[in-house]
Amino acid sequence: METTYLWVGFNAFVVAMLALDLGVFHRNAKSVTVKEALAWTTVWVMLAFVFNVFVYYWFGEQKAFEFFTGYLIEKSLSVDNIFVIILIFSYFQVPPQYQHKVLFWGILGALVMRVCFILAGVELIHSFHWLIYVFGAFLIYTGFRIVFQKEGEADFEKNVVVRTMRKIMRITPTFEGDRFFVKRDGLWWATPLFLVVIVVEATDLIFAVDSIPAILAISDDAFIVYTSNVFAILGLRSLYFALAGMHSYFTYLKYGLAAILVFVGVKMCMADLYKIPIEISLAFIILTLSLCVLASMALNRANARQTG
């Protein structure tokens, strides 16, 4: 019964925060300033830390470590997701004042997908333990794929999601304010803004395939996995506006993410032989991300001196 109350209470908190965000602070379409984005990013991070304290006192030290490690993994992977969203907005030329609405509904859909993935993943691992090796191998493969994949200019018109949507729906050639649908001559049309939401949702689905197995390597407690995921995702909107102009400070991030995924994959595969302590996992993740950011900053300064 206590577990039910925790799930209901946490989801009520999430709904209240989303309603406050869209219904009060962003009722009207407007551009989000970097200052406002940093303020909201701080709020979400602090809320995650406060919740982590709650986990510590309610569930104990081990679960608190699991929550924080899972949150850190999801947060670091979400940064990579942010840069893909930047490409999507740039390609479809989404006006700045409409971007927050797209992210809001995109992330709301992501929350629904994540809870389905998490509950299914936890149940599968509990029922079929051998799947832990499949997930581990997949994470190792994903880590190496990130390192060696080629980066090219995105052409979303060739994307299967975009092509499918254009076939099954009438889409207006231009934006219609911040509306997702408009009625013309008695027929309903979707707008490019709705198409962008669908592309963002599909992108998160792809990232979820990587991130959910990664966090399941840290904890098999559905509540811990879900809450750490939710806190990381809820802060994604504000983090997007805060990092939109800071690509150069994350040049080496993909290598760090690849190292983390490989590490977590190895941790999963060897779990029956030796269980790597959660403290070591947390230390490795923090050290790897710190080195990547510091190396990116050093490269950025070096490039600035050369061009200056």
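Worth a mention:
- In summary, Ile198 fulfils each of the numbered conditions (1) farther than 16 Å from Tyr98 by Cα; (2) modelled with pLDDT of 85 or more with the single exception of condition (1).
- Residues located in segment 45-67, provided they are over 20 Å from the mean Cα position of the chain (by Cα) and closer than 12 Å to Phe10 by Cβ: Phe54, Val55, Trp58
- Of residues in segment 262-285 being assigned to a helix (DSSP H, G or I) and out of contact with any helix residue (DSSP H, G or I) (no Cβ under 7 Å at 6 or more places or on another chain), the one modelled with the lowest pLDDT: Ile280
- Options Ile107, Ile73: the member that is farther than 19 Å from Ile146 by Cβ, of a type in the set (Val, Ile, Thr), touching a helix residue (DSSP H, G or I) at 6+ places or on another chain (Cβ under 9 Å) and buried (at least 18 other Cβ atoms within 10 Å of the Cβ): Ile107
- Against the numbered list (1) assigned to a helix (DSSP H, G or I); (2) at pLDDT below 80; (3) in contact with an Asp or Glu (Cβ under 6 Å, 6 or more places away or on another chain), Tyr98 comes up short only at (2).
Yes/no matrix, rows are residues, columns are (1) in contact with a helix residue (DSSP H, G or I) (Cβ under 9 Å, 6 or more places away or on another chain); (2) at pLDDT below 85; (3) acidic (Asp, Glu):
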| position | (1), (2), (3) |
| --- | --- |
| Lys150 | no, yes, no |
| Asn159 | yes, yes, no |
| Phe180 | yes, no, no |
| Phe194 | yes, no, no |
| Val209 | yes, yes, no |
| Val230 | yes, no, no |
| Ala242 | yes, yes, no |
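- Scan of segment 16-32 for residues that are at pLDDT below 80, surrounded by 10 or more Cβ atoms within 10 Å (Cβ to Cβ) and either in a helix (DSSP H, G or I) or not aliphatic (A, V, I, L, M) (or both), ordered by number: Met17, Leu18, Ala19, Leu20, Asp21, Leu22, Phe25, His26, Lys30, Ser31
- One residue alone among Phe49, Phe67 is at pLDDT 90 or above, out of contact with any helix residue (DSSP H, G or I) (no Cβ under 6 Å at 6 or more places or on another chain) and either at positive phi or in a helix (DSSP H, G or I) (or both), and that residue is Phe49.
- The residue pairs whose first member lies in segment 259-288 and is farther than 14 Å from Gly136 by Cα, whose second member is of a type in the set (Ser, Thr, Tyr), and whose beta carbons are closer than 7 Å, counting only pairs six or more residues apart or on different chains, are Ile278/Thr69; Ser281/Thr69; Leu282/Thr69; Ile285/Thr69.
- Looking only at segment 181-202, residues that are of a type outside the set (Asp, Glu) and not in a helix (DSSP H, G or I) come to 10 in all.
- Qualifying residue in segment 92-99 (condition: farther than 26 Å from Thr33 by Cβ and free of Cβ contacts under 8 Å to residues at least 12 places away in the same chain): no
- Selection from segment 277-292 of residues that are among the β-branched types (Val, Ile, Thr) and surrounded by fewer than 17 Cβ atoms within 10 Å (Cβ to Cβ): Ile280, Ile286
The values are calculated or read from the model by the stated rules, or taken from the named source; none is laboratory data. Here the structure is a predicted model, which means the values were calculated and not measured. Glycine also receives a Cβ, built like all others from the backbone with ideal geometry; neighbour counts cover every protein chain displayed.
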